[in-house]
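J.: My structure is below; once you've seen it, I'll send some questions.
The values are calculated or read from the model by the stated rules, or taken from the named source; none is laboratory data. Bear in mind that the values here come from a model prediction, so they are computed numbers and not experimental data. Positions of Cβ are backbone-derived with ideal geometry, glycine not excepted, and every protein chain shown enters the neighbour counts. The accessibility values were calculated without ligands, DNA or RNA, using every heavy atom of the protein model including side chains. Shrake-Rupley method; radii C 1.70, N 1.55, O 1.52, S 1.80 Å.
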Amino acid sequence: MELLKRLARKKKYLIWLIIILAVVVLFKVTVLAPAKVTVVKVEKRDLAAEVYGNGTVEAKVVVGISSKITGRIVELYADQGDHVTRGQLLARLESDDLVQQQLQSEAGVNRAAANLNVEQAGLEKARANLVLAEKNARRFKNLAEKNFVSRLEAEQYENTWQIAKEEVRRSAAALESAKMEQSANRAGLGFARSKVADTLIHAPQDGVIITRDLEKGATVTQGMSIFTLADPRIVWVKANVDESQLKGVAVGKKAVISLRSSPEDQLPGRVARLGRESDRVTEELEVDVAFETPQANFRLGEQSDVYIVTETRQAVPSLPSAAIMTKEKTRGVWVVVKGKLNFRPVTVGIEDRRNFREIVKGLDGNEQVAMAPPPIMAKFRDGMKVRVAR
């Protein structure tokens, strides 16, 4: 019995010893084990430095189609989303009163034309009377000088001649007045016709109807928008780019546009215009990036991302950006040499949107460059032992 008790106590101590040994081994394998890293090598890649901007789809030319006059809409011939051409009839306003005014003006023009003919005939008659009066006055003056007729009679014909002159001047003035009246009536007729024409609303240019702001039966006032028309030929993204990223951004630079409705599509674009005034609060500049291929089904105001290509490199040495660290203000990478870390300074170039960074100088391409999660890389030190993951 005593022997069994001794064996039981020894067995208990043995179990505790095994547990302690297991904890020690586990501690060495986990806490005290070298950090586990993956390694990458320098590879040649085609890189493109890109500047990011966020904005909305807009059209360069957006026109509000409105009426020049006040009137009630009696017909609408276009709706939102329709493609229209220049001169196409879009809407018609009530025109009964204006048509009557036009008819009244036409009657006034016809009346003025008749008056002009009457005054023209009167002038011709006055001129004929003047010629006759002049002949009689001269003839009777000669007869009076020869005492064939009395001087009083000759003076009467002289007065008739003077009256005929005045009548010609009066008729000429009346004719000019009739001409001016005719011009005024013609101007009034033109104004009346223009008012009637203003009841017909036409498209000022080719485009797409973005909005229809009023409906049939509504009363439109002068300048009130009936339609909003956009020119689909120049549709772009008004992107906001951080001032610190503007180096290399210029008109003509290629870009990639991603729309919120189809983020998987990478649409080609090009910088069309740069703003001249930055936002003083956000410290961003507006950059207009146009679609290289006109968009058939664009939506104004849609959120979009743009990536402007500022610089490209062909087949240059590069590493994943996550492998590059900053140590005491020096850029470099951690190289694995015989299971230990060694910090190697490097000179970097452009960075690609895929998170690859150009290596200009510092590596020959054969090194094993260590990578690990950022919290682990933050603890890297020269000479530190590491394990390379397989």
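J.: Can you give the relative contact order of segment 102-216 as a percent, counting alpha carbon pairs under 8 Å and 6+ residues apart?
T.: Numbers: 78 pairs, mean separation 46.7, N = 115.
41 percent.
J.: Counting pairs of alpha carbon atoms under 8 Å apart in space and at least six apart in sequence, what relative contact order in percent does segment 240-356 give?
T.: On the way: 169 pairs, mean separation 25.9, N = 117.
In percent, rounded to a whole number, it is 22.
J.: GNM on the chain, C-alpha springs below 10 Å: top fluctuator among A59, A49, A372?
T.: Highest fluctuation among the options: A372.
J.: Let me check I've understood the local charge: for N115, count other residues with C-beta under 10 angstrom from its C-beta, Lys and Arg +1, Asp and Glu -1. What total comes out? Each step should come with its number before you reach the end.
T.: Numbers: positive: R111, K179; negative: E119, E181.
Spelling it out: positives minus negatives among the neighbours equals 0.
J.: So what J values fall out for segment 238-248 if you push phi through Karplus, 6.51 cos²θ - 1.76 cosθ + 1.60 with θ = phi - 60°, rounded to Hz, Gly and Pro as x?
T.: 7, 9, 9, 10, 4, 4, 5, 9, 7, 4, x
J.: A follow-up question, please. Using Cα springs under 10 Å in a Gaussian network model of the chain, which residue among K238, K379, K216 shows the largest mean-square fluctuation?
T.: Judging by the Gaussian network model, the answer is K379.
J.: Next up: Is the shape of segment 256-295 rounded, prolate or oblate, going by the alpha carbon gyration tensor and its root eigenvalues a ≥ b ≥ c, with a/c under 1.5 for rounded and a/b larger than b/c for prolate? Intermediate results must be reported in sequence, preceding the final value.
T.: On the way: a/c = 3.94, a/b = 1.79, b/c = 2.21.
Verdict is oblate for segment 256-295.
J.: Quick query: amide H of D213 versus all other amide H atoms, modeled in the peptide plane; which residues come in under 5 Å with a sequence gap of 5 or more or a different chain?
T.: Those lying under 5 Å, H to H, from D213 are F227, T228.
J.: Do any GluC sites (Glu not before Pro) in segment 131-223 lie in a DSSP loop with no more than 13 other beta carbon atoms within 10 Å, and if so, which?
T.: Numbers: sites: E134, E145, E153, E155, E158, E166, E167, E176, E181, E215; in loops: E215.
Those satisfying the criteria are E215.
J.: Sorted from largest to smallest, which semi-axis lengths in Å does the alpha carbon gyration tensor of segment 75-210 give for its equivalent ellipsoid, taking the root of 5 times each eigenvalue?
T.: 64, 12, 7
J.: If you take the charge dipole of segment 41-130 about its Cα centre, with +1 on Lys and Arg Cβ and -1 on Asp and Glu Cβ, which of L89, I69, A114 is farthest toward its positive end?
T.: A114
J.: Moving to a separate point now. What GluC sites (Glu not before Pro) in segment 225-280 are in a loop by DSSP, with at most 16 other Cβ atoms within 10 Å of the Cβ? Can you show the working numbers first?
T.: Values: sites: E243, E264, E277; in loops: E277.
Taking segment 225-280 and a limit of 16 other Cβ atoms within 10 Å, the loop GluC sites (Glu not before Pro) found are E277.
J.: Taking 0.36 nm per residue of separation and subtracting the Cα-Cα distance, what length does fully extending A121 through T211 add? Mind showing how you got there, number by number?
T.: Values: separation 90, 0.36 × 90 = 32.40 nm, distance 6.01 nm.
Computed gain between A121 and T211 is 26.4 nm.
J.: Related question: By its C-alpha gyration tensor, with a ≥ b ≥ c as the square roots of the eigenvalues, how is segment 193-233 shaped: rounded for a/c under 1.5, else prolate for a/b larger than b/c, else oblate?
T.: Numbers: a/c = 2.71, a/b = 1.39, b/c = 1.95.
It comes out oblate by the Cα gyration axes.
J.: Then there is this: Antiparallel versus total DSSP beta bridges in the chain: what percent is that, nearest 5? Walk me through the intermediate numbers first.
T.: Details: 82 of 85 bridges.
Within the chain, antiparallel bridges account for around 95 percent of the total.
J.: Modelled label-to-label distance, K327 and I163, 7 Å Cα→beta-carbon offset: nm?
T.: It works out to 12.8 nm between the two label points.
J.: Now for a different question. Sequence-distant or interchain residues sharing an amide H contact under 5 Å with L200, placed H: which?
T.: Close amide H contacts, sequence-distant or interchain: L93.
J.: Could you work out how far the C-alpha centroid of segment 73-97 sits from that of segment 357-390, in angstrom?
T.: Rounded to whole Å, the Cα centres lie 69 Å apart.
J.: Using the heavy atoms of the protein chains alone and a 1.4 angstrom probe, what is the accessible area of the chain per residue in square angstrom? Write out the running numbers ahead of the final one.
T.: On the way: 24560 Å² over 390 residues.
Counting only protein heavy atoms, the per-residue value for the chain is 63 Å².
J.: For segment 234-390, what is the number of Lys pairs with C-alpha distance below 24 angstrom, counting only pairs 8 or more positions apart or on separate chains?
T.: Step by step, the pairs that qualify in segment 234-390 add up to 20.
J.: Turning to a different aspect of this structure: Using each residue's phi in segment 197-206, evaluate 6.51 cos²θ - 1.76 cosθ + 1.60 at θ = phi - 60° and report the 3J(HN,Hα) Karplus result to the nearest Hz, with x for Gly and Pro.
T.: 5, 5, 6, 9, 9, 10, 6, x, 6, 5
J.: Would you compute, from DSSP H runs of 4+ residues alone, the mean residue ellipticity of the chain at 222 nm, taking -39500 (n - 2.57) per run and dividing by the full residue count, rounded to the nearest 500?
T.: Numbers: 4 runs with 129 residues, N = 390.
Counting only the DSSP helices, I get -12000 deg cm²/dmol.
J.: Less than 18 Å apart at the alpha-carbon level, and either on another chain or at least 8 residues along: which lysines does that give for K165?
T.: K125, K135, K141
J.: Continuing with this model, one more query. When the Karplus curve 6.51 cos²θ - 1.76 cosθ + 1.60 is applied with θ = phi - 60°, which whole-Hz ³J(HN,Hα) does each residue of segment 152-169 get, with x for Gly and Pro?
T.: Computed from phi, the couplings for segment 152-169 are 4, 5, 5, 5, 5, 5, 5, 5, 4, 5, 5, 4, 5, 4, 5, 5, 5, 5 Hz.
J.: For V346, enumerate residues with amide H under 5 Å from its amide H, sequence gap 5+ or separate chain, H modeled in the peptide plane.
T.: Hits under the 5 Å cutoff: R331, G332, V333.
J.: Hey, another quick one. Given the options K329, K44, K68, which has the most mean-square fluctuation in a GNM of the chain, springs set between C-alpha atoms less than 10 angstrom apart?
T.: Maximum fluctuation in the GNM of the chain, among the listed residues, is at K329.
J.: Normalised by the number of residues in segment 317-390, what is the relative contact order in percent for Cα pairs under 8 Å and 6+ residues apart? Write down the numbers at each step before the final one.
T.: Details: 119 pairs, mean separation 25.5, N = 74.
The normalised contact order for segment 317-390 reaches 35 percent.
J.: Leaving ligands, DNA and RNA out of it, report the carbon-plus-sulfur percent of the accessible area of the chain at a 1.4 Å probe. Don't jump to the answer; show the numbers that get you there.
T.: On the way: 13110 of 24560 Å².
With neighbouring chains kept in place, the figure for the chain is 53 percent.
J.: Compute the distance from the alpha-carbon center of segment 153-204 to that of segment 222-276, in whole Å.
T.: Between the Cα centre of segment 153-204 and that of segment 222-276, the gap is 60 Å.
J.: For the chain, what is the convex hull volume of its Cα atoms per residue in Å³? Before the final figure, lay out the partial values.
T.: Details: hull volume 126.2 nm³, N = 390.
In the chain, the Cα hull volume divided by residue count equals 324 Å³.
J.: Along the Cα→Cβ direction, 7 angstrom out, place labels at L200 and N110. What is the inter-label distance in nm?
T.: My value for the distance between the label points is 2.2 nm.
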